[in-house]
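Worksheet: the structure to be examined is printed underneath.
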Amino acid sequence: MLWRGRRQSDNIEDDRSDSGGGGGLGGGGQFRVPIGGRTGGGGSILLVILVVLAGWYFGFDPSQILGGGDGGLLPGGGQITETQDNGNAPANDEMKQFVATVLADTEDTWTGIFKSQGLTYEDPKLVLFSGQVRSACGFASAAAGPFYCPGDRKVYLDMTFFQQLDQQFGAAGEFARAYVVAHEVGHHVQNLTGIMGKFDQMRQGMSEVDANQLSVRIELQADCFAGVWAHYTQQKGILEQGDIESALNAAKQIGDDTLQKKMQGYVVPESFNHGTSQQRQTWLARGFKSGKLSDCNTMSGPI
């Protein structure tokens with residue numbers, strides 16, 4: 001990915017020197033990547049496309065900010081091994097610059113998409129933290145992975161996850177890392193449409209199995225949205241050979257079935273809340289191929 005020298009987002013909050021993180025404890029749930037309060041915005045074509053996603057909202061436990069279908073990248077049971085990190089990392093370190101550049105590109109892409117629908121895109125904040133953090137959705141450990149909190153409209157990322165993505169999950173490459181950010185931003189897009197609140201209501205009274213099934217459809221849509229972003233990124237001529245394959249491999253490595261096999265030796269399909277490896281790859285590829293939100297309708301038909 002040819003990212004150096006491109007615009008960097010100003011919407012980065014670097015809390016790596018603060019082990020407690022930012023934000024207070026509150027209601028709501030986080031969305032892990034495959035990652036509070038709700039917005040009332042949205043409408044028009046985007047809302048029509050998303051409203052059919054009535055299956056999304058994960059049925060997550062708000063106290064488990066990053067482990068089971070709640071706006072984070074990793075499915076339940078997909079916790080990673082924590083590594084030591086220097087919380088006082090330099091303000092201009094290269095990985096921070098990379099994240100800021102990817103975030104800026106998502107801002108440009110989604111601003112354009114929303115504008116084409118007569119809507120206004122509101123940029124999310126991306127919080128860099130080290131070890132643990134508090135958000136409007138609750139407290140989280142880096143072991144759970146990256147996540148999005150609808151309550152404060154922020155993406156949370158401990159960048160040691162990128163190292164673990166490579167070493168523990170076998171998903172190397174800069175564009176694999178970019179996919180992580182884009183997936184969480186995909187949850188922000190869902191939040192801006194006002195759909196999350198609707199599904200929050202729908203999941204009330206559901207069984208855990210039914211809620212998980214809805215969660216899978218929402219997570220797959222976030223993957224598809226990440227693909228839509230990648231489609232426009234390719235049009236800018238900044239993707240390099242092997243980038244898309246790198247992202248698709250990352251989607252494969254964090255599928256529910258792949259992680260469960262790796263961590264417990266067997267799979268429990270009814271507990272899936274992010275989608276299988278094949279499903280995640282399929283929806284990421286679909287968004288990338290067409291660049292159309294209408295092709296990210298994970299509620300209609302089989303997934």
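Coordinate-derived values only; no laboratory data. Computed from a predicted structure; not experimentally measured. Cβ sites come from the backbone with ideal geometry, for glycine too, and all protein chains shown count toward neighbours.
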Equivalent ellipsoid dimensions for segment 85-180 as semi-axes, Å, which come from the Cα gyration tensor, largest first: 24, 17, 13
Cα-only Debye scattering, segment 122-251: base-10 log of I(q)/I(0) at q = 0.09, 0.10, 0.16 Å⁻¹: -0.28, -0.35, -0.90
Highest average packing first - 219-228, 111-120, Cβ atoms within 10 Å: 219-228, 111-120
Highest-first arrangement of 207-213, 159-165, 187-193, where packing means the average Cβ count within 10 Å: 187-193, 159-165, 207-213
Surrounding net charge for F114, when Lys and Arg each add one and Asp and Glu each subtract one, Cβ distance under 13 Å: -3
